[in-house]
Every structure is written in structure tokens, then in C-alpha cells.
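The values are calculated or read from the model by the stated rules, or taken from the named source; none is laboratory data. These numbers come from a predicted model, not from an experiment. No Cβ is skipped: glycine too gets one built from the backbone with ideal geometry, and neighbour counts run over all protein chains shown. What goes into the accessible areas is simple: the full protein's heavy atoms, side chains included, and nothing from ligands, DNA or RNA. Shrake-Rupley method; radii C 1.70, N 1.55, O 1.52, S 1.80 Å.
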Amino acid sequence: MDFVCNFPFFCIVLCLATGVVSSVLKPKVAKVVSVTLVSLCLVCSLCVLLYTIETKESFTYMMGHFPAPWGNEIRAGVLEGVMATFFTVIMLLALLGGEKYLKVDIEEPKQNLYFVLINLLLSSLLALVYTNDLFTAYVFVEINTIAAGGLIMIRSNGHSMLAATKYMIMSLLGSGLLLIGITLQYDLTGHLLMSNIKESIGVLATNGEYTVPLTVIIGLMSVGIAIKSALFPFHAWLPDAYGYSTASSAAILSSLVSKAYIFLLIKIMYRVIGTEVFWSSKITNVFFVLGVAGMLFGSFSAIREHDMRRMIAFSSVAQIGYIYMGLGFGTELGMVAAVFHILSHAATKSMLFVACRGLSEVSGDKKDFSDLKGSGFRNKMAGVAFSVGAFSMVGVPLFAGFISKLYLTSAALESMSVKMAVAVIVLAVSTILNALYFIRAMISIYTPRNEHYRDANFRPGKIFCVGMVCFIVINFVLGLASFPIINAIEQGLHMFS
């Protein structure tokens, strides 16, 4: 085994260990340690990605070198490398972009605890990407839930505490359904390792045995993950959770946490149940219907908002609907489009939340559209980043969102069914609605409110600017150089199979 095959395990364990260490460090030291850790995980994830692309094969790492069923396995292929690399990049940029606001939003004694939560969250994200064991996935789902809840409530005001309570109630409901599904699956197959489960389920499906229990298992797991990823109509916790968190927390929660759950669902589809069995259960039709409904409801809700951060949060409901619509096609192209939209939305939405905080900073910490007038002139870097994010969300060519919508449209046209007409119409309507509320926001931030709409003395900070520039570059890379990324996604999905 090549040394690079140890990197996924190293990253997960290092994140857990650093979380323990950060709890006794001073805030500044904890910040440096955490940023260094995320950077190290980025390098390791990139090495894993390049290694799997070069070898064109996935690899497994046995924890403690004990084979199943006694041991635990980590599995890495091209798609895992893509997701791990992307997750660490986004987390690093979200931390850098929102770093200056942590001192304002979080009391000093709690600042090192913030980085404890960041380390635990990164550990759970990477574990969900790499694990080949279903129960281990559940354990890190719970770690992810606790860490995300802590990131929401760490501001310690009434809004954040209420938002965290809503999040924990809904998220634990989803976790419970997922656990019941895993338990029933274990009772049916006697396995927890994903590859072994798939073999057993394949035999049962071939023999036509336990069809109803298998459908119930698929339904429980799917609904549990749908709740945790805020698919409509299970999204009630999302606007408050994103709207009242710190800038970095909102960026990380919207870009990574819900996407990790969706990636776990994709792993269950391919590596646990098997795509043929999963698609034959017709659960994908439910994904399609709820995804389409979420696209419309999220957009209409965003239009009604006067608070810019809540508008961006409701936009996430619509964008999660896009992903589930892609999954709902039940085709390989739909799956590729859904995975690419995970990347596109993660890069764009995190940039929008951090940029919004920068615009709010120069507007007396207000978030209403009327109070943000002229803020694009006062904080030019935030204004440019917000504009790029808005164009991407609308689907303007050259930006990441355009490629996402292009592939989703292609997947819809390929389906040649009722889904085709519905998907194309809803994509068109949703795009128009996206344009309405994002153009409204851009007009607001570039409309002078009075003669003092400019502030020549304001400086956004070098780290903030670096983060925003990197976000913008990533968005253009996804929009202009998407072909190699799409190829990697396709190769990774084939390795899943």
C-alpha cells in the first residue's frame, strides 16, 4: 500500500485530536492551529485525488488492519477525492473570509470553543466522505449534528439559541429515521460494511425476497437524510440557522453540512442499496416532486424577504431542490448534474454569506435592503463578490451556476418522460425568480442612499480580500473549466458502481 493511502485516516484522526487540543488553547493559537489543520487536510485530500486519478482505481484502508466484519474500512476514489478537496477548500476560505467577524460575533472566552467545533465538523465531513461502513457513517452524522448545532448557538443571543433548538429537533428526527433504517438493514443482511450490504441486497432483489422491507429501509434512510439536508418541506430550521449564525458558520453550514448528508445519500444509492434496486423502489420520484416544489417555494419565499441573509438562506432551499431534482431523474446524467451542483452551490453560497456580512459591516450591522443601500460602494470587495455570487445563482454564462443548470436541463431532456416537461418549465420559472430577488439585492447595494454612500476610509482587510478573490476564482473555474471536473465526477460515479 502506498503511503498516500493513509492520508484519509490521518485527516480524520488529526481533526479529532486537534479538537481536543484546541479546547485548552488561547483563541489566537486555536485559530492558527485550526487554519493550519484545514490547510494540511486540503493538501492531503488533493494528494488522494491526484493519486486516484492517476491509478484510475479506488482503494480501501482497513482501520487497525483488521478485515471486516471485525475491522472498519475507509474507501477513497476519484469522487471522494473531489469532495474532500472541495470541502476543505471551502472551509478554509470561509474561515479566512469571516475571520475578522468572529471577534465581534463571539465572546472572547468562547472563541477557542468555536475552533473546537470547526475541527470536529471537519472530521465528520471527511469521515462521511471516506467511510465504507454504514454505522460509522451514522456515528459521524451525530458528531456533525452536534458540531453544527454548536456553531449556530455560539453567538449566545435569543435568535441563535432558538435557531439552534429548531435545528437540533429536526436534525435529531432525521438521525432517528436514519438509525431505524440502518437497524432494519442490519437485521435483513447482517452487515454494516457498504460493499457487503450491497452484495446481500443484490441477492435478495434477484430472488424477489423482502421487497416491502427493502422499500421501507430505503424510504427511512432517504427521508432521514432529506430532513437533515433541509429538503422541502423539512426546511423550517434552515432560514433561522443560516440567518442568525456568524458569517463563517453560515458559509460552512450552507455549503458543507447539508451537502455532506446528500453525498452520504448518493453513497447509499450506489454502494449500499445499488442503483437498480434504489431506482426501482420509485423513491426517486419523491425526490423529484419535493425537489421541484422546493425550487419554487424557496424562490417565492426569498422574494418576500427584506432581510438579505434570510433571502440567501431561502435561496438555499431552492438550490437544495435543484440537487434533489437531479437525483430524482434516476439517471447517470442526472446524478452527475446533482453532484456538480453540490460543488457549484457550495462555492457560491459560502461566498454570498461572507460577502453579505461585509456589506452589513459598512451599514451599521443592518441586514435589511433599505439599510444596505450604497454598501457595494463602501465595501467594494464584498460588493464584487456578492455580484459574482448573484450572477452564478441566476445562471449567467461564465459562472458556475450556468453549468449546473445546463447539465440539469440536459438530464431533463434525456429523461423523455413527464419529468422532462416539468423539469424544464420549473427550471425556467426558477431562473426567472432567482433573477428577481438577486437583481433586487444588487440594485439595493449599488443604489446611493444619501451623499455619504461612499466611505473612503474603510478598508475590508487583506485576509477578507484574499478569501473573496479565491471564491471568485473558484466560481469562474467551475464556470469556464468544468469539463475536467465533470469527467472526474463521472469517473468517480463509475468507481462507486
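What is the local net charge at residue 59, summed over the other residues whose Cβ is closer than 11 Å to its Cβ (Lys, Arg +1; Asp, Glu -1)? The partial results should precede the final answer.
Values: positive: 75; negative: 2, 57, 73, 80.
Summing Lys and Arg as +1 and Asp and Glu as -1 gives -3.
For the chain, leaving out every one of the GluC sites (Glu not before Pro) that falls in a DSSP loop and has at most 13 other Cβ atoms within 10 Å, the longest unbroken run is 210-450. Taking the dipole about the Cα centre of the stretch 10-107, with the C-beta of Lys and Arg at +1 and of Asp and Glu at -1, give me whichever of 50, 10, 22 is farthest to the positive side. Final value for the positive-end residue is 22. Note on the chain: helix-only mean residue ellipticity at 222 nm, from DSSP H runs of 4+ residues weighted -39500 (n - 2.57) and normalised by residue number, equals -25500 deg cm²/dmol. In the chain, taking the dipole from charged Cβ atoms about the Cα centre, the farthest positive-side position among 86, 359, 315 is held by 359. A cut-off of 5 Å between modelled amide H atoms, ignoring neighbours fewer than 5 places along the same chain, links residue 72 with 63, 66. When the inverse distances between all different Cα atoms of the stretch 160-237 are averaged and flipped, the Kirkwood radius reads 13.6 angstrom.
Beyond a 25 Å Cα-Cα separation, which of these cross-linked pairs lie in this structure: 100/367; 26/103; 259/373; 198/349?
Working: 100/367 18 Å; 26/103 13 Å; 259/373 32 Å; 198/349 35 Å.
Table pairs above 25 Å Cα-Cα are 259/373; 198/349.
Only protein heavy atoms count here; under a 1.4 Å probe, residue 89 has an accessible surface of about 30 Å².
The alpha carbon convex hull volume per residue for the chain rounds to 129 Å³. Sorting the segments 215-221, 201-207 by their residues' average number of neighbouring beta-carbon atoms within 10 angstrom, most packed first, yields 215-221, 201-207.
Residue farthest toward the positive end of the dipole of the chain, with Cβ of Lys/Arg at +1 and Asp/Glu at -1: which of 216, 470, 278? It is 470, whose Cα lies furthest towards the positive end.
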